Structure formats: C-alpha cells, structure tokens
Ligand code: NAD
Ligand code: ZN
C-alpha cells in the first residue's frame, strides 16, 4: 500500500506524466505476451524464429504474407479481446489530467477501446493497413472482403501493396510515430512503465531516454526487468497491472479530493 501511495503522490506532483505499456497490460484480457512467465515464446521458441521473417516475406511476396496473416492464431484472439481494469485505470488517469499520453507497444487497440484519447501505437494496430511507400493508413474493415477472397490489398493513394499496420520485427518504425513518441518522451517528467520486458528496440530506448533527460521512471511488472537491473527505473511495484493500476487511480482520486 505504501508504494501505491508513493506513485499516486509522484503522479500528483508531476507536470507531464505519460505511460509506456507493453504486452503485459493485455495478458489479463486473454492476449498472451511473448516473454512473461507464461509467454508464447517461452512455450514455443520456433514461433519467435518465424516472427523475425514476416516482414521480409511481405517485401518478397505480399501474397504469401497475406496467406500467413490469414493463418495466424493470435489475430483472432486480439479481435475478440476486451479492455481490462488496467486499461480502464489509465483512461481514468487521463480523464483526471494525470496521464497525458500513452505510448503502447501493443497492437491490440485496447487503450482506445478503454476510452484513452492520446494514444501512440508504436508498433501499429491490427485494425489498420499501412502502405510502406507513402505511409497512408486505412481501416482494415474496408479491405476485409478482398483479403478474405485471397487478393492482396493495394494503397488507394499510390497503388503499392498494403501490409498490416503492425510493425513486424526488422521493420522500421513509421517516422510519424517515431517523432510523436520522441516528443512525448522528451516532454515528460514521469513515465509509468506498465507490463513490458523493455527488450524490444527501438521501443525499449524510450524509458532509457526519459530517464537520461531527467524523468522519474516507475515500473509495474510481475517481475524485475532490465530497466530494474540497469537502474533505469526509480522503483518497481511488483504485481498484476490489473490490480495495481486501479488502486493507483483510486488513490489519486482520493488525494485530489483532500
Ligand atoms: P514481453 O512479452 O516481452 O513482456 C511482457 C512483460 O509484461 C513481462 O515483463 C511480464 O513479466 C509482464 N507481465 C505480464 N503479465 C503481466 C501482468 N498481468 N501485470 C504486470 N506485468 C505483466 O512484451 P513487450 O515488452 O510488450 O514486448 C513484446 C512485443 O510484442 C511488443 O513490442 C508488442 O508489440 C508485441 N506484442 C503485443 C501484444 C498485444 O498487442 N497485446 C501481445 C504480445 C506481443
Ligand atoms: Zn501508398
């Protein structure tokens, strides 16, 4: 309880706090993470090797890429998932004026579904398609019949092949997203890092940059991470985000009333 009070106080004293979230914030919505104690890659290391080849597959043969996407077992799980109490607590903290932005590594859209407004999807979203040539994004729904009939979607602006907006391993972060994230990180004086192992780069640079430029970095995670060991985080609250974040939101609300 002491740590909950401490993080609530830190949030109340901050001028511009942001959250940085990872797969761990969505495990309580039924979407498995990669490297947590019950992560997909802990159980199936071959899946990790396949993940590194997806982007090259798109570049070489977009039709093959879309066949792979259609076969994926994770996207249908994400489509059906609902936000949990951790997503809702962050949305509440935004409404209270205490979290100004969420930078998420997740592709599941659950922060939007929970009502958060200023969300940067660092690794894109499963519900959109993106053109790697001109950067245009489109709602996946517009193309769903075409994709399901085995054809490859094309950009309405430049006619090049479209891929999912999801940033795959070995794929560059879209520049608009990179610049927006960087600006938020440079501006924040507190970063709440929720449910990420912080080993996927360049996303993992963000808390490290925040720290280097003077922000307080607070982790919420089931276990210690490289951020804990490297001394990037000022402190860690160990436990489930779905339990801890609502308590923090409650404490912030209570202290604001006093
Ligand atoms: P990761 O799998 O590497 O690490 C997840 C972290 O969350 C672990 O440190 C784990 O201890 C912690 N965790 C798990 N459940 C938790 C809980 N209930 N409460 C607190 N902590 C919890 O995930 P990552 O760091 O986000 O990197 C994986 C990459 O894969 C990301 O870039 C992301 O794009 C992608 N990914 C996304 C989703 C999604 O959209 N939901 C799911 C899996 C992977
Ligand atoms: Zn285009």
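A few points about this structure:
- The single condition among (1) under 21 Å from residue 223 (Cβ atoms); (2) more than 16 Å from the chain's Cα centre (by Cα); (3) outside the structural domain of residue 190 (by TED's automatic domain parsing) that residue 36 does not meet is (2).
- Those helices (runs of 4 or more DSSP H) lying entirely in segment 40-94 with at least 1 residues surrounded by fewer than 13 Cβ atoms within 10 Å (Cβ to Cβ), at pLDDT 90 or above and within 17 Å of the chain's Cα centre (by Cα): 74-80
- Counting only helices (runs of 4 or more DSSP H) that sit completely within segment 123-225, those holding 2 or more residues that are under 22 Å from residue 23 (Cβ atoms) and more than 16 Å from ligand 2 (Cβ to nearest atom) correspond to 175-187, 205-212.
- Among the residues of segment 145-163, at least one is more than 22 Å from residue 204 (Cβ to Cβ), within 16 Å of ligand 1 (Cβ to nearest atom), in contact (Cβ under 8 Å) with a residue 24 or more places away in the chain and under 25 Å from the mean Cα position of the chain (by Cα).
One line per residue, one yes/no per condition, for (1) more than 19 Å from residue 111 (Cα to Cα); (2) surrounded by 20 or more Cβ atoms within 10 Å (Cβ to Cβ); (3) touching a helix residue (DSSP H, G or I) at 6+ places or on another chain (Cβ under 7 Å); (4) assigned by TED's automatic domain parsing to the domain that holds residue 3:
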{"site": "177", "(1), (2), (3), (4)": "no, no, no, yes"}
{"site": "184", "(1), (2), (3), (4)": "no, yes, no, yes"}
{"site": "188", "(1), (2), (3), (4)": "yes, yes, yes, yes"}
{"site": "191", "(1), (2), (3), (4)": "no, yes, yes, yes"}
{"site": "195", "(1), (2), (3), (4)": "no, yes, yes, yes"}
{"site": "205", "(1), (2), (3), (4)": "yes, no, no, yes"}
{"site": "208", "(1), (2), (3), (4)": "yes, no, no, yes"}
{"site": "212", "(1), (2), (3), (4)": "yes, no, no, yes"}
{"site": "238", "(1), (2), (3), (4)": "yes, no, no, yes"}
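- Condition check for residue 231: farther than 19 Å from residue 104 by Cα, in contact (Cβ under 8 Å) with a residue 12 or more places away in the chain and in a loop (DSSP other than H, G, I, E, B): no
- Within segment 25-47, one or more residues are in contact with a strand residue (DSSP E or B) (Cβ under 6 Å, 6 or more places away or on another chain) and near ligand 1 (Cβ under 8 Å from one of its atoms).
- Against the list (1) away from ligand 2 (no atom under 16 Å from the Cβ); (2) more than 22 Å from residue 242 (Cα to Cα), the condition residue 107 fails is (2).
The values are calculated or read from the model by the stated rules, or taken from the named source; none is laboratory data. Being a predicted model, the structure only gives us computed values, none of them experimental. Every residue, glycine among them, receives a Cβ derived from its backbone with ideal geometry; neighbour counts consider all protein chains shown.
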